[in-house]
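Only one structure is covered here, and it is reproduced in the block below.
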Amino acid sequence: MTAPVRKISDKVPEPTLRRLPWYLSCAKLMRSQGEKYLSSTQISRQINIDASQVAKDLSYVAVSGRTRVGYDIDCLIGVLEDFLGFTNIHKAYLFGVGSLGAALLQDTGLSHFGLEIVGAFDVDPKKIGTNIAGIPIYHTDEFPKIIKKSNVNIGILTVPISIAQTITDYMVSEGIKAVWNFTPFRIRVPEDIVVQNTSLYAHLAVMFNRLNEELK
């Protein structure tokens with residue numbers, strides 16, 4: 001295995017960023033099984049990605065492997081967690097406390113990946129003033145006042161499609177710089193705003209389509 005060299009000046013391609021957490025999970029699993037070193041070939045076998053692609057992806061992070069030995073697994077995990085931002089806590093507000101929003105509020109695993117939801121917003125009077133997993137739920141109208149007292153710059157969007165753009169505009173106007181969009185609506189934002197679309201329905205459509213092809 002060739003030791004990768006970090007390409008500091010290169011912008012990391014999005015497909016690589018999507019794969020790096022898979023490598024991290026693989027490394028954690030292998031460490032739990034007593035492994036001390038992990039090669040790109042081993043990662044390849046575990047997650048069915050070509051070993052040369054694994055090595056290329058890891059060349060974007062500050063980690064090097066030893067020929068015929070692999071990467072020191074503790075070092076690899078630490079570097080990947082740091083590179084992906086999982087070692088720093090990023091605080092977020094959530095909009096839309098429906099079934100999906102409520103599930104995210106209860107997902108304690110998010111904190112292991114650097115995300116802490118510190119407040120939620122809704123318009124349902126039955127929810128306002130309550131909390132889920134210790135996270136307070138406020139009326140949406142209170143957002144401008146509350147965000148001024150915080151350093152939160154991430155918004156999580158789990159509202160109905162009909163108000164997805166309106167709530168996005170509202171968040172951005174009050175200082176939100178990144179939106180994690182769980183709705184199937186393609187929101188529009190200014191160029192300096194980061195958007196990550198995670199539509200469960202879109203992924204379902206892909207799965208159903210591929211399944212139908214396999215069953216033909």
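Structure notes:
- For the pair D82 and E191 in one chain, pulling the backbone fully straight at 0.36 nm per residue adds 36.6 nm over the alpha carbon distance.
- Computed over every Cα-Cα pair of region 14-83 and binned at 5 Å starting from 0, the pair-distance distribution P(r) comes out as 3, 18, 35, 30, 12, 2, 0 percent.
- Each DSSP beta bridge with both residues in the chain is either parallel or antiparallel, and the antiparallel ones are about 20%.
- Overall form of region 86-190 per C-alpha gyration tensor (a/c, 1.5; a/b vs b/c): rounded
- Residue pairs exceeding 19 angstrom between C-alpha atoms, taken from K127/K177; K145/K177; K126/K149; K126/K148; K91/K177: K127/K177; K126/K149; K126/K148.
- Taking all Cα pairs closer than 8 Å and separated by 6 or more residues, the relative contact order of region 90-202 comes to 24 percent.
- Residues of type aspartates and glutamates that K36 reaches as a straight line, Cα spacing below 12 Å, ignoring anything fewer than 8 places off in the same chain: D72, D74
- Shown for the chain is the translational diffusion coefficient from the Stokes-Einstein equation, using the Kirkwood radius over Cα pairs, a temperature of 20 °C and a viscosity of 1.002 mPa s: 110 µm²/s.
- Taking 10 °C and 1.306 mPa s as conditions, region 141-216 diffuses translationally at an estimated 114 µm²/s according to Stokes-Einstein applied to its Kirkwood radius (Cα pairs).
- One chain, two ends: H139 and E213. Fully extended at 0.36 nm per residue, the span grows by 22.1 nm beyond their Cα-Cα distance.
- Loop-resident trypsin sites (Lys or Arg not before Pro) (DSSP state other than H, G, I, E or B) in region 95-160 with no more than 16 further Cβ atoms inside 10 Å of their Cβ: K126, K148, K149.
- Region 96-187: antiparallel DSSP beta bridges as a percent of all, rounded to 5: 20 percent
- Helix-only mean residue ellipticity at 222 nm for the chain, each DSSP H run of n ≥ 4 adding -39500 (n - 2.57), per residue, nearest 500: -11500 deg cm²/dmol
- Loop-resident sites, region 19-66, for trypsin sites (Lys or Arg not before Pro), counting at most 14 other Cβ within 10 Å (DSSP): K36
- For region 177-216, applying the loop criterion from DSSP together with a ceiling of 13 other beta carbons within 10 Å to the chymotrypsin sites (Phe, Trp or Tyr not before Pro) yields no site.
- In order along region 184-195, the phi-based Karplus estimate (6.51 cos²θ - 1.76 cosθ + 1.60, θ = phi - 60°) of 3J(HN,Hα) comes to x, 9, 7, 5, 10, 9, x, 4, 8, 9, 8, 10 Hz; Gly and Pro are listed as x.
- Exposure proxy ranking, count of Cβ atoms within 10 Å, fewest first, for T140, T183, T41: T41, T140, T183
- With a cut-off of 12 Å on the backbone N, the residues of region 18-38 near the modelled label site 7 Å out from I47 along Cα-Cβ are 18-30.
- DSSP bridge pairs, region 23-136: antiparallel proportion in percent, nearest 5: 45 percent
- Taking the centroid of alpha carbons for each part, region 43-58 and region 146-212 are 31 Å apart.
Here, each number is a calculation from the coordinates, and none is a lab measurement. Predicted model only: the values in this text are computed from it and were never measured. Ideal geometry is used to build each Cβ from the backbone, glycine not excepted, and the neighbour counts take in all protein chains shown.
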